[in-house]
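Chemist: Have a look at this one.
FYI, it's all coordinate maths here, none of it is from the lab. From a predicted model like this one, the values you see are computed outputs, not experimental measurements. Heads up, the Cβs are rebuilt from the backbone with ideal geometry, glycines too, and the neighbour counts pull from every protein chain shown.
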Amino acid sequence: MTHSQAPVAALLTVYVIGVAVFVPQILSWQTLRDVVIAMLPLLVAVIGETFVLIVAGIDLSMTAVMGMGSVVAASIMTGTGGYLAGNPLAVPVGILVFVGVGLLVGVFNGICVARLRMPAFMVSLATMMFVGGLAVWYTSWHTRSVSISNLPELFRRIGYGTVFGMPIAFLLAVAVSLIAHSVLSRTLLGRWLYAVGRNEKAARISGVPVERVVTMAFVISGLCAALAAVIYTSRVETGTPVLAQNLLLDIIGAAVIGGVSLFGGQGTVMAALTGVLFLTVLDKGLQLLGLSLFMVLAVKGSVILLAAVLDVARQRLSESR
Amino acid sequence: MREDAHTLTTTAMSSDQGHPVDVQQVPLLSLREVTKSFFGVTVLHGVSFDLQPGEVLGLVGQNGSGKSTTMNILGGVHQRDSGEIVIGGTHYRPRVPRDAEDAGIAFIQQELNIFANLSVQENLLMGRFPKLGRWLPVISFRRLRERARQLLAAVDLQVSPHASASTLSPGERQLLEIAKALSLNAKIIIFDEPTTSLTSRESERLFALIGRLRHQGIGIIYISHLLADVVRLADQIVVLRDGHVVRRGPKAAMTVDDLVTAMVGRSIEALFPNRSRRGATGATVLEVERVSQPGIVRNVSFSVAEGEIVGIAGLMGSGRTELARILFGLDPFESGRVAVTGRPFAKPEPRACIAGGMAFLTEDRRHEGLMMEGSVAANLELAALPEHARGISRLIDDRRLRQRMSAIKEQLDIKSGDLRTTPVKTLSGGNQQKVVIGKWLLRQPKLFILDEPTRGLDVGAKQEVNKAIVQLADAGTAVLMISSELEELIGMCDRVLVMNRGEVGRTIERSAFEREAILKAAMWKGIGT
């Protein structure tokens, strides 16, 4: 898959040089650190989305899962009226809650898509609405505020803290990347994921348990959403239902920019990483150039659209051959 | 093959065989030495024939003999490489199907071009609706209805112009297609397997209509597998085999037997590998007992033993592919019993069948056999992955897998570059098919079901695939193979089951193999019932 990342990397270099002409600051260590820190949770989420895209599905519910996990876990951990306030188990249980929410929604999406043969787009759009709504309701039920703050110090350290001089979030993202990479490239599940995405019929006839594989893809996507939510929540230091509100297009866009195909069968952790890096640097550069938020959104939207167009063109080309 | 070549300057010639109409003797349609090849494989080697006004020309040949290509060239779907086509005295070289329509050629196909959601009259005059006025582009429904009535009467179809096309029977839809052809002033109507979905009464009605169309001076090309119908209807018959016109002449000189002999040809032995030994070498592997699925297959019983190659002959739609899919658990069956190595089917689904030792090569290599976007290795390894997965993380033992895949590549002589980096779509058709076979060989199946393993392959590739199948059988695998090509079944099999309308009509042992017998059993309606 390296051939699909080379052009993106080249484009990125050209962009950075172009921006540097106006804002030399982009070539500083500070910027690099900002970019890496900013891209970590997004990378985790995009890796999850990649699993679903490989089986030719799509998961639109990731951001809702993040919001839901954020508020439920926060309601347990918070020092003001939390269910386990002050308890040393608060943080581990809180993290388990994140994971639990991710698993639950993932399994539900997976079963609807794989067993009930519903379109992934529809299923995950519906769960996005439902879980997103539920998260807002849960917040208002738990507290009178719009978010849940006063999270334990231990939990807040996940976002910016370090162990052995390495940021915890960085270690977490690296671990997720490495595990995901070996699952995709070296395990039975990985081979099956690609097979289902490339040709579901041929996979089924060759004995691939298509339903199980598709369900697993959604479960992994839910898990990744949960882990990304842990990092985001600890960074904003509050549980909020709108945690990842504007992130959905970034997640899918980054995957597509990196070369993960919307038509299935193609995608790697390298692709996810490339896409996330590109999008984050793009964002940073536009900010440094002093563009307004709306302009940044417009440019990002255009880039993602362009990537999707290229994906469609590539698909046409390979079909006509 | 040019003994009766009409030249365009020949004008006066006596009307032969009492033609119903006595019009000018310039042929309506004339093909001269038309050739066509696809990707270097020549599929038409100089096809020539003439069609006179008011004549029915029967065109017969096995699958792959070049009938469809000839018709696609006439219809503007493909362009000929060389040769000449003349329609009514003018050169004809269609670029798009619309050119064929403009030249007065109409196709009545197996899959009809009917918009089921529209009414009969809308279907008839689609795209040519009468307008209220030249500058008033609003449909005049009164004139539309009148025109539709006339056309329906011409083909004797008694339905309301307002009826929805979805309410028509297959036979009525066909008449609607013919009426549409008439509305386009078609001078040549080509029927491709028109009776496959018709009842015998509807067929009779169609034949009567064809008779009337002849009398109006329309030239008709009639393509069918049902030779009895062709002999009955046609004035002239052209037999194609491997892209050659092998026989051509007035109907009077030909019988069904002659046609079958001409279609089948005589060069079988060289095409098929010698088998060191024939027949069963061990225990029964597959037992099928009275398997039925309403409307699909009825009461099918047979068995296949180790080392045996059993063939299934039958026309498209005879239930042969459906039977294979049932045996592999892809489609359900209502009653009966299927057992592999003595154990009855646990669950009718592919995974269970594969676990039980079955392998299946589908007739649709591109959509069901291979992941065309994947590498050769990704395709080869697919069925054997679980047995190469280690430990709780199910890590794939790539080293061993690669060794085994290389061995299979050698064994089947798959011509491919590096297995991991070569996309399977870049291989030739024959090598792609060998990849599908190799995929299953990695699992060392006890029973291999092959549905049209050599379809669409050229002669050399066919030979290689057949060699691989014989290797399998020699190694003790039970083989069940479906083929439309009788030579192949005769050359390869120990026994041939002839399927007809969902039933196994006859079982023919090797000693009694005769091309004609098998072809007749498969082609004639009602054999075995």
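Chemist: At a Förster radius of 56 Å, what calculated FRET efficiency corresponds to the Cβ-Cβ distance of B:H91 and A:F170, to the nearest 0.05?
Modeler: Taking R0 as 56 Å, the efficiency between B:H91 and A:F170 is 0.15.
Chemist: Which angle between 0 and 90 degrees, to the nearest 10, do you get for helix B:200-215 versus the longest principal axis of chain B when only C-alpha atoms count?
Modeler: For helix B:200-215, the angle is close to 40 degrees.
Chemist: May I ask you to compute the full-extension gain from B:T196 to B:A339, defined as 0.36 nm times their residue separation minus their alpha-carbon distance, rounded to one decimal in nm?
Modeler: Taking B:T196 through B:A339 to full extension adds about 48.1 nm, to one decimal.
Chemist: Applying the Karplus parametrisation 6.51 cos²θ - 1.76 cosθ + 1.60 with θ = phi - 60° to the phi angles of the stretch B:136-152, what ³J(HN,Hα) value in whole Hz is obtained for each residue in order, glycine and proline being reported as x?
Modeler: Whole-Hz 3J(HN,Hα) from phi for the stretch B:136-152: 10, x, 10, 5, 8, 5, 5, 5, 4, 5, 4, 4, 4, 4, 4, 5, 5.
Chemist: Going down the table (B:K36/B:K251; B:K415/B:K467; B:K439/B:K467), which pairs top 22 Å between alpha carbons?
Modeler: In this structure, B:K36/B:K251 exceed 22 Å between Cα atoms.
Chemist: Among B:R248, B:R149, B:R134, A:R198, which comes first, second and so on when ranked by fewest other beta-carbon atoms within 10 Å?
Modeler: Lowest to highest Cβ neighbour count: B:R134, B:R149, B:R248, A:R198.
Chemist: Let me ask something additional. Please report how far the C-alpha centroid of the stretch A:1-58 lies from that of the stretch B:367-383, rounded to the nearest whole angstrom.
Modeler: 32 Å
Chemist: Can you compute the helix-only [θ] at 222 nm over chain A? Use -39500 (n - 2.57) per DSSP H run of at least 4 residues, normalise by all residues, nearest 500 deg cm²/dmol.
Modeler: The helix contribution divided over chain A gives -25500 deg cm²/dmol.
Chemist: Calculate one ³J(HN,Hα) per residue across the stretch B:73-90 by plugging θ = phi - 60° into the Karplus curve 6.51 cos²θ - 1.76 cosθ + 1.60, and present them in order as whole Hz with x for glycine and proline.
Modeler: 5, 4, x, x, 7, 10, 9, 5, 7, 8, x, 9, 10, 10, 10, x, x, 10
Chemist: Hey, another quick one. Are there DSSP H segments in chain A that both extend 20 Å or more along their axis (alpha-carbon positions) and score a mean Kyte-Doolittle hydropathy of at least 1.6? List them, or say none.
Modeler: Sorted by number, the helices that extend far enough and score high enough are A:29-54, A:62-77, A:90-114, A:168-186.
Chemist: Which order do the peptides A:201-209, A:143-151 take when ranked by the mean count of other beta-carbon atoms within 10 Å per residue, highest first?
Modeler: With the highest mean Cβ count within 10 Å placed first, the list reads A:201-209, A:143-151.
Chemist: Within 10 Å, count the other beta carbons around each residue, average over each peptide in B:381-392, B:489-500, A:26-37, and list them highest first.
Modeler: Taking the mean over residues of other Cβ atoms within 10 Å, the ranking is B:489-500, B:381-392, A:26-37.
Chemist: Ok, one more. Measure nothing fancy, just the Cα-based angle from helix B:398-412's long axis to the longest principal axis of chain B, in degrees from 0 to 90, nearest 10.
Modeler: 60 degrees
Chemist: Which of B:E509, B:E368 has the fewest other C-beta atoms within 10 Å, and how do the rest follow up to the most?
Modeler: B:E509, B:E368
Chemist: Where does each of B:186-195, A:280-289, B:53-62 land if you order them by average Cβ count within 10 Å, highest first?
Modeler: Ranked by mean Cβ neighbours within 10 Å, highest first: B:53-62, B:186-195, A:280-289.
Chemist: Let me ask something else. As a test, work out the antiparallel percent of DSSP beta bridges whose residues both lie in the protein assembly as shown, rounded to the nearest 5.
Modeler: 60 percent
Chemist: Take every residue in peptide B:386-393, count the Cβ atoms of other chains within 10 Å of its Cβ, and give the average of those counts.
Modeler: Mean partner shielding for this stretch: 3.
Chemist: Can you tell me the orientation of helix B:459-474 relative to chain B, as the angle in degrees between its alpha-carbon axis and the longest Cα principal axis, to the nearest 10?
Modeler: 40 degrees
Chemist: Moving on to the next point. On average, how many beta carbons from a partner chain sit within 10 Å of the beta carbon of a residue in B:420-426?
Modeler: Per-residue shielding by partner chains comes out at 1.
Chemist: First measure r as the distance between the Cβ atoms of A:A313 and B:K467, then evaluate 1/(1 + (r/R0)^6) with R0 = 56 Å and state the FRET efficiency to the nearest 0.05.
Modeler: Approximately 0.85, to the nearest 0.05.
Chemist: While we're on this one: Using a 10 Å cut-off around each Cβ of peptide B:363-371, what is the average number of partner chain Cβ atoms that fall inside?
Modeler: Across the residues of B:363-371, the mean count of other-chain Cβ atoms within 10 Å is 4.
Chemist: Mind pulling up the Rg/Rh value for the stretch B:367-444? Radius of gyration and Kirkwood radius, both on Cα.
Modeler: 0.96
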